[in-house]
1. To the nearest 10 degrees, how steeply does helix 186-209 sit against the main Cα axis of the chain, on a 0 to 90 scale?
2. Give me Rg/Rg_expected for segment 1-68, where Rg uses Cα atoms only and Rg_expected = 2.2 N^0.38 Å with N residues.
3. Dividing the Cα convex hull volume of the chain by residue count, how many Å³ per residue is that?
4. Helix 9-20 versus the longest principal axis of the chain: what angle, 0 to 90°, nearest 10, using Cα atoms?
5. After finding the eigenvalues of the alpha carbon gyration tensor for segment 97-147, what semi-axes result from the square roots of 5 times each, listed largest first in whole Å?
6. What's the magnitude of the charge dipole for segment 107-210 around its Cα centre, counting Lys and Arg as +1 and Asp and Glu as -1 at the beta-carbon? Answer in Debye, nearest 20.
7. Could you order peptides 152-161, 122-131 by the average number of other Cβ atoms within 10 Å of their residues, highest first?
8. Any chance you could give the angle, 0 to 90 degrees and rounded to 10, that helix 24-33 forms with the longest Cα principal axis of the chain?
Amino acid sequence: MGTFTGFPPASQAFYAELEENNTKEWWSEHQDVYEHAVREPMAALLDGLSAEFGPGKVFRPHRDVRFSRDKSPYKTAQGGFVQTAEGTGYYVHLDADGLATGAGCHTSSPARVARLRAAVDAPDEGASLQSIVESLRAGGYAIEGERLKTVPRGYEKDHPRAELLRHKSLTAGKTFGAPPWLASADALEHVRAAWTDLRPLVEWLTDHLG
């Protein structure tokens, strides 16, 4: 595995062109750009963070089009993921607009939603998550995830953590775009700093959702 040296400008240009030419023919002609400007830097980035956060996975570039009306064969972004529990972990994302990162729980099976709500409802555990979320929001992270329009049945509408109870999945993320450091090794330090901020959320979700 090579040392991470940044995402070259060709990585963004690759995805900008792919958005206009999402065909197997175009991909075949430009696959070497994908390998050297996108996949290899992403793998090196994850490897550079593995000692601190765990081994990462570079997502495949192919879309699953079996049940989609959109039959475009390739994803217009490259994702990388470090899993700490089923559907939970750290995420990094590169596309034509630049870099973004985040973390949290991306799945919402009935059993996991039930565990999340029970933990949010519990005074100590819920207050801990509320504090983590408020700290991340104050730090510029967007709090997202699938959520209900109202508080779920069985809970008071004026519950002190009503907003969190609405969540079926819970993530936090930040978009960096394409600052000058994106093409340098400094990009790894920016992702490391973001994941360090996000670690309390990941640890809480890993502990309570399994």
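1. It works out to around 40 degrees.
2. 1.26
3. Details: hull volume 27.6 nm³, N = 210.
Enclosed volume per residue, from the Cα hull, is 131 Å³.
4. Helix 9-20 sits at roughly 80 degrees to that axis.
5. In descending order, the three semi-axes are 23, 17, 7 Å.
6. 460
7. Taking the mean over residues of other Cβ atoms within 10 Å, the ranking is 122-131, 152-161.
8. With rounding to tens, the tilt is 90 degrees.
The values are calculated or read from the model by the stated rules, or taken from the named source; none is laboratory data. Predicted, not measured: the structure shown is a model, and the values here were computed from it. Reconstructed Cβ throughout: ideal geometry from the backbone, glycine too, with neighbour counts over all protein chains shown. SASA here: full protein model, heavy atoms, side chains in, ligands and nucleic acids out. Shrake-Rupley method; radii C 1.70, N 1.55, O 1.52, S 1.80 Å.
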